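Enquirer: The structure that follows is given in the form of structure tokens.
The values are calculated or read from the model by the stated rules, or taken from the named source; none is laboratory data. Since this is a predicted model, take the numbers as computed values, not measurements. All Cβ positions, even for glycine, are placed from backbone atoms using ideal geometry, and neighbour counts span all protein chains on display.
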Amino acid sequence: MPNSDGSAARLAQSPETDKREMSDIDETYIREQLEKRREELKAVVSTSAPAIPAAYLLGLLSDVDSALHRLEDGTYGICTECHDTVEKDRLLADPLVQLCLDHLTNDEQRALERDLELAARVQRGLLPQTDIQHGDWRVHYQYKPAGMVSGDYCDLIPPASGDGDLFFLLGDVAGKGVAASLLMTHLHAMFRSLAGVGLTLDKLLETANSVFCRSTIAGQYATLVCGRARQDGEIEIGSAGHLAALIIGRNGVRQVDSTGVPLGMFATSRYTIQNVRMELGESLVLYTDGISEAVNASGVEYGAARLSSVASERYGAVPRELAAACMKDVQAYSNGGKQRDDQTLMVIHRAKPGQIFLDN
Ligand SMILES: [Zn+2]
């Protein structure tokens with residue numbers, strides 16, 4: 001696609017908008033959506049609601065018909081301007097779209113910009129405080145979207161009563177841009193509701209997965225790691241296909257691997273919970289693949305090993321310092337290259353008594 005400076009296109013197109021061919025599942029879904037819209041439109045036309053001009057309705061109907069024809073002859077999802085593919089997430093959101101992001105009109109670009117700004121504001125409003133203190137636990141996270149909105153999910157839910165567990169979550173929705181950010185807000189609402197119900201962690205993940213499966217369209221999924229930090233230093237962790245969590249200890253780094261498949265893949269998925277003991281001074285580091293898959297100028301990925309080693313050099317550091325050191329190293333590694341994916345990193349630290357936290 002030719003590059004335009006149209007800022008809406010740049011903003012919406014978080015770096016690597018998915019340009020693969022439409023899969024069979026997506027085509028079936030889009031066809032169903034179009035046929036449903038045609039039926040609805042016909043019903044409205046036949047009742048001839050006077051408030052809606054007939055020409056407008058008939059115009060829409062003909063747009064739907066022509067989209068169905070394009071599905072038949074294999075030209076569906078091709079930009080009428082440049083003949084490149086239209087972004088898949090945009091087609092799923094609006095099956096009538098015929099122009100790629102680079103070829104929107106000025107008015108369309110401005111409307112898109114306004115929508116994105118609003119979406120970004122909504123999303124920022126959902127983030128928890130960046131520094132949380134609960135018993136011995138000190139938590140800090142850094143959240144860095146690649147575009148205006150992010151498909152990364154991050155939340156911290158302190159207990160309703162003072163001595164309960166601190167609940168932490170970090171996830172990554174497949175895909176990027178607006179569609180991914182909408183799913184992120186969906187995860188947020190779902191876990192906020194479920195966290196108060198009093199389920200065990202495995203049941204909570206199972207329930208969240210089954211709700212997510214039933215409420216998203218085929219092919220949408222998310223990896224997630226979540227857990228409960230208890231006052232006695234034990235942490236319960238469950239992971240739905242997410243990258244291994246790292247425990248930064250005095251004598252090196254321990255890994256907590258995933259024990260389940262991503263949310264949204266199978267409605268009947270089960271999750272195994274692991275219990276880990278964190279000593280005073282240790283930190284648990286959770287992150288998304290925007291960090292481990294950041295590339296240098298030669299296209300080589302940053303990798304989990306380098307993250308482990310940078311983090312372990314900061315054993316005992318306060319969470320804000322540890323997180324900043326990691327993010328700084330990732331940035332230095334990418335050497336000013338464009339951030340390709342959303343990056344989120346969370347540090348959950350079990351503080352030694354008397355440790356000073358300037359930022360809390
Ligand atoms: Zn185009």
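Enquirer: So is T105 under 25 Å from the mean Cα position of the chain (by Cα) and hydroxyl-bearing (S, T, Y) or not?
Expert: Here the answer is no, as T105 does not meet what is asked.
Enquirer: Further question: Scan segment 116-162 residue by residue and report those that are buried (at least 18 other Cβ atoms within 10 Å of the Cβ), in a loop (DSSP other than H, G, I, E, B) and of a type in the set (S, T, Y).
Expert: S150
Enquirer: Starting from segment 101-116, keep only residues that are in contact (Cβ under 8 Å) with a residue 24 or more places away in the chain and farther than 16 Å from H83 by Cα, then list their pairs with residues that are assigned to a loop (DSSP other than H, G, I, E, B) and away from the ligand (no atom under 16 Å from the Cβ) whose Cβ atoms are within a distance under 7 Å, requiring at least 6 positions of separation or different chains.
Expert: Final answer for the pair search is L116/M148; L116/V149.
Enquirer: Looking only at segment 274-282, decide whether some residue is within 24 Å of R228 (Cβ to Cβ) and in contact with a helix residue (DSSP H, G or I) (Cβ under 8 Å, 6 or more places away or on another chain).
Expert: Within segment 274-282, none of the residues are within 24 Å of R228 (Cβ to Cβ) and in contact with a helix residue (DSSP H, G or I) (Cβ under 8 Å, 6 or more places away or on another chain).
Enquirer: Among the residues of segment 68-78, count how many are under 30 Å from the mean Cα position of the chain (by Cα) and more than 16 Å from the ligand (Cβ to nearest atom).
Expert: Total meeting the criteria: 1.
Enquirer: Right, another one. Using the structure shown, decide if S62 is more than 16 Å from the ligand (Cβ to nearest atom), at pLDDT below 90, part of a helix (DSSP H, G or I) and surrounded by fewer than 18 Cβ atoms within 10 Å (Cβ to Cβ).
Expert: Working: more than 16 Å from the ligand (Cβ to nearest atom): yes; at pLDDT below 90: no; part of a helix (DSSP H, G or I): yes; surrounded by fewer than 18 Cβ atoms within 10 Å (Cβ to Cβ): yes.
Here the answer is no, as S62 does not meet what is asked.
Enquirer: So, one more: What about E81, is it within 16 Å of the ligand (Cβ to nearest atom) and touching a residue at least 12 places away in the same chain (Cβ under 8 Å)?
Expert: Taking the combined requirement at face value, the residue satisfies it.
Enquirer: Here is a follow-up. Does K36 qualify as being free of Cβ contacts under 8 Å to residues at least 12 places away in the same chain and either away from the ligand (no atom under 16 Å from the Cβ) or more than 25 Å from the chain's Cα centre (by Cα) (or both)?
Expert: Values: free of Cβ contacts under 8 Å to residues at least 12 places away in the same chain: yes; either away from the ligand (no atom under 16 Å from the Cβ) or more than 25 Å from the chain's Cα centre (by Cα) (or both): yes.
Here the answer is yes, as K36 does meet what is asked.
Enquirer: Also: Say whether the condition of being of a type in the set (S, T, Y), in a strand (DSSP E or B) and modelled with pLDDT of 90 or more is met by at least one residue in segment 73-84.
Expert: Quick first cut of segment 73-84, residues of a type in the set (S, T, Y) only: 75-76, 80.
Of the ones still in play, those that are also in a strand (DSSP E or B) are none.
No, there is no match, as no residue in segment 73-84 is of a type in the set (S, T, Y), in a strand (DSSP E or B) and modelled with pLDDT of 90 or more.
Enquirer: Say we look at segment 87-109 and pick out the residues that are surrounded by 20 or more Cβ atoms within 10 Å (Cβ to Cβ) and outside any helix (DSSP H, G or I); which of these is nearest to the ligand (Cβ to nearest atom)?
Expert: Applying the filter and picking the extreme gives C100.
Enquirer: Among the numbered conditions (1) in contact with an Asp or Glu (Cβ under 6 Å, 6 or more places away or on another chain); (2) closer than 21 Å to G135 by Cβ; (3) not aliphatic (A, V, I, L, M), tell me where G290 comes up short.
Expert: Against the list (1) in contact with an Asp or Glu (Cβ under 6 Å, 6 or more places away or on another chain); (2) closer than 21 Å to G135 by Cβ; (3) not aliphatic (A, V, I, L, M), G290 comes up short only on (2).
Enquirer: Further question on the same structure: Quick check: anything in segment 146-153 touching a Pro at 6+ places or on another chain (Cβ under 6 Å) and of a type outside the set (S, T, N, Q)? Show your work before the answer.
Expert: First, pick out the residues of segment 146-153 that are touching a Pro at 6+ places or on another chain (Cβ under 6 Å): 146.
The next check asks that each one be of a type outside the set (S, T, N, Q); those that pass are 146.
Yes, some residue in segment 146-153 is touching a Pro at 6+ places or on another chain (Cβ under 6 Å) and of a type outside the set (S, T, N, Q).
Enquirer: Same structure again: So in segment 276-308, with the set limited to residues that are in a strand (DSSP E or B), touching a residue at least 12 places away in the same chain (Cβ under 8 Å) and surrounded by 13 or more Cβ atoms within 10 Å (Cβ to Cβ), which one is farthest from the chain's Cα centre (by Cα)?
Expert: Only one residue tops the list, namely V276.
Enquirer: Looking at (1) surrounded by 17 or more Cβ atoms within 10 Å (Cβ to Cβ); (2) more than 25 Å from E27 (Cα to Cα); (3) hydrophobic (A, V, I, L, M, F, W, C); (4) at pLDDT below 90, can you tell me which one V45 breaks?
Expert: All conditions pass for V45, except number (1).
Enquirer: If you scan segment 163-199, which residues turn out to be of a type in the set (D, E) and buried (at least 23 other Cβ atoms within 10 Å of the Cβ)?
Expert: Within segment 163-199, D172 is the sole residue that qualifies.
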